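What follows is a single structure, written as structure tokens, with notes after it.
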Amino acid sequence: MEVLASSSLSPNFTKLHKINPNFSVQSLQVKLWVSRPPKILEASNFRYARNRSNKPKSNANPGLVFVCNRYLCLLERNDRRRFSGKVMMISSVNFRKNVSVALVRLVSVLLVSSISVVTTDSPSWGLSEENLLFLEAWRTIDRAYIDKTFNGQSWFRYRENALRNEPMNTREETYMAIKKMIATLDDPFTRFLEPGKFQSLRSGTQGAVTGVGLSIGYPAASDGSQAGLVVISAAPGGPANRAGVSPGDVILGIDNTTTETLTIYDAAQMLQGPEGSTVELAIRSGPETRFLSLTRERVSVNPVKSRLCELPGSGSNSPKIGYIKLTTFNQNASAAVKEAIETLRGNNVNAFVLDLRDNSGGSFPEGIEIAKIWLDKGVIVYICDSRGVRDIYDTDGSNAIATSEPLAVLVNKGTASASEILAGALKDNKRALVYGEPTYGKGKIQSVFQLSDGSGLAVTVARYETPAHTDIDKVGVTPDHPLPKSFPKDEEAFCACLKDPAAACYLNQGLLFSR
């Protein structure tokens, strides 16, 4: 056994001592100084030596002496038998018993001392307002973040080192320290939001967004040579629409940053910002490239577009397909989808197509509500943390309004987050066939937290699995069938591709809903 004695009340480092379990000790001394002496041993366990003879008793060890006073207990070698006023062992059995009691109590004192060392080792300097904001961000991540190893680092040690070494004299320096801290997690979805971006994100999930009124997506597969991101739509009356930006235009750059390597998730964040601020865009319209400076403003977002496609047929039996384009998951999304279904049902549709291409997600609860519209029963999604399944979202059909008509879902690599939850639920419950290409693969869920100065944090709090227990993170939802390479993304052209067998994008409606 090894005993290492160290106490905050005794700054000197005590040497490492070894105790032979057979107690054949040649020279041993254990000392522990404390401000108030603990009661080490009961006097009844010992007797005072009354040695009137130099001959030791047969059951005593002449080389071992256990001595106690008010402040010190020691076990020492001494071959001299004259110890007036000292305590001696009466037998080897008592010796072992009393040494064990002493060591147990010694260890207890050492534990208390170690706790004292730990608690008094924390920094005692005064914390500034900037330090407190940094600590608020650190504490939020500490409590909420999914990975409790924090990417394999000591999260507490990082806090102490940052408070000692990172400059936090201004708000900008504090923001930089928070961003630097978050970067150590190596998680692109956990991020810091300045007050303006935090307000923009919150308003975006409430049915309006502060930006330029653009819905963007990736270029079609047939246009793979194109660099940049494609404009899907420009909100009527919005800044981009007034500047002449049209569907099909290509965004080459945002604020001097090329879009060639940007995801639509990153690009959407760059297009949004505080109301009244400006954003610089490089736009290619056909052969012409234009440079625009647009002022961000509050733009109402209608998340749903719908269209009735009447296909060739005989009389009243001609097929009718209801096309629903869902562009985002804001707080109006589920109500808008229900309204579109009811409107199309009024025209006696035979089937539905739900287009989730280039829908980068949004409100998680809205994704769950829209899944309930189409499902009569079943699991929608499993919520998991580092310990496994934490929660299950399912439905009993009480909110369903469209469970009988055939359904096809269109996806692409711009389909992300809540869109993937919806597509995965409809696919795994065999409610719909999924067409297109593998989705983005954002299998993590973030919660948004507001900090005391109006800034915020988007923190990854969980991951999800589809009803078939598929973890789609960085993999995506795999479609059942591909779409033709030139398949269009707007509702008008979609109907044309179902009607004209000679078109390059033609998709047989009979095969569209066939397993």
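Looking at the structure I just gave you, is residue 284 touching a strand residue (DSSP E or B) at 6+ places or on another chain (Cβ under 9 Å), under 28 Å from residue 507 (Cα atoms) and in contact (Cβ under 8 Å) with a residue 40 or more places away in the chain? Judged against the criteria, residue 284 is not a match. Inside segment 406-456, residues that are among the aliphatic types (A, V, I, L, M) and within 21 Å of residue 191 (Cβ to Cβ) make up a count of 6.
Of all residues in segment 187-229, those satisfying the criterion of being of a type in the set (Val, Ile, Thr) and modelled with pLDDT under 85 are 205, 209, 210, 216.
Annotation: of all residues in segment 422-448 being among the hydroxyl-bearing types (Ser, Thr, Tyr) and within 20 Å of the chain's Cα centre (by Cα), the one that is modelled with the lowest pLDDT is 440.
Each residue in segment 392-406 was checked for being touching a residue at least 40 places away in the same chain (Cβ under 8 Å) and open to solvent by 10 Å² or more (accessible area, probe 1.4 Å), and 3 pass. Only one of the numbered conditions (1) more than 29 Å from residue 319 (Cβ to Cβ); (2) in a loop (DSSP other than H, G, I, E, B); (3) in contact with a Cys (Cβ under 8 Å, 6 or more places away or on another chain) is violated by residue 484, and that is (1). All told, residue 451 falls short of being over 22 Å from the mean Cα position of the chain (by Cα) and open to solvent by less than 40 Å² (accessible area, probe 1.4 Å).
Rundown of residues vs (1) buried (at least 23 other Cβ atoms within 10 Å of the Cβ); (2) at pLDDT 95 or above, yes/no style:
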position: 293; (1), (2): no, yes
position: 312; (1), (2): no, no
position: 328; (1), (2): yes, no
position: 334; (1), (2): yes, yes
position: 346; (1), (2): no, no
position: 350; (1), (2): no, no
position: 360; (1), (2): yes, no
position: 374; (1), (2): yes, yes
position: 382; (1), (2): no, yes
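State all residues of segment 145-171 that are at pLDDT 95 or above, open to solvent by less than 40 Å² (accessible area, probe 1.4 Å), within 22 Å of residue 450 (Cβ to Cβ) and not aromatic (Phe, Trp, Tyr); if no residue qualifies, say none. Those that are at pLDDT 95 or above, open to solvent by less than 40 Å² (accessible area, probe 1.4 Å), within 22 Å of residue 450 (Cβ to Cβ) and not aromatic (Phe, Trp, Tyr): 162, 168.
Within the option set 370, 392, being within 28 Å of residue 148 (Cβ to Cβ) and modelled with pLDDT of 90 or more holds for one residue only, 392.
The values are calculated or read from the model by the stated rules, or taken from the named source; none is laboratory data. Fair warning: this is a prediction, and the values are worked out from it, not measured in the lab. Ideal geometry is used to build each Cβ from the backbone, glycine not excepted, and the neighbour counts take in all protein chains shown. Accessible surface is based on the protein model in full, side chains and every heavy atom, while ligands, DNA and RNA are left aside. Shrake-Rupley method; radii C 1.70, N 1.55, O 1.52, S 1.80 Å.
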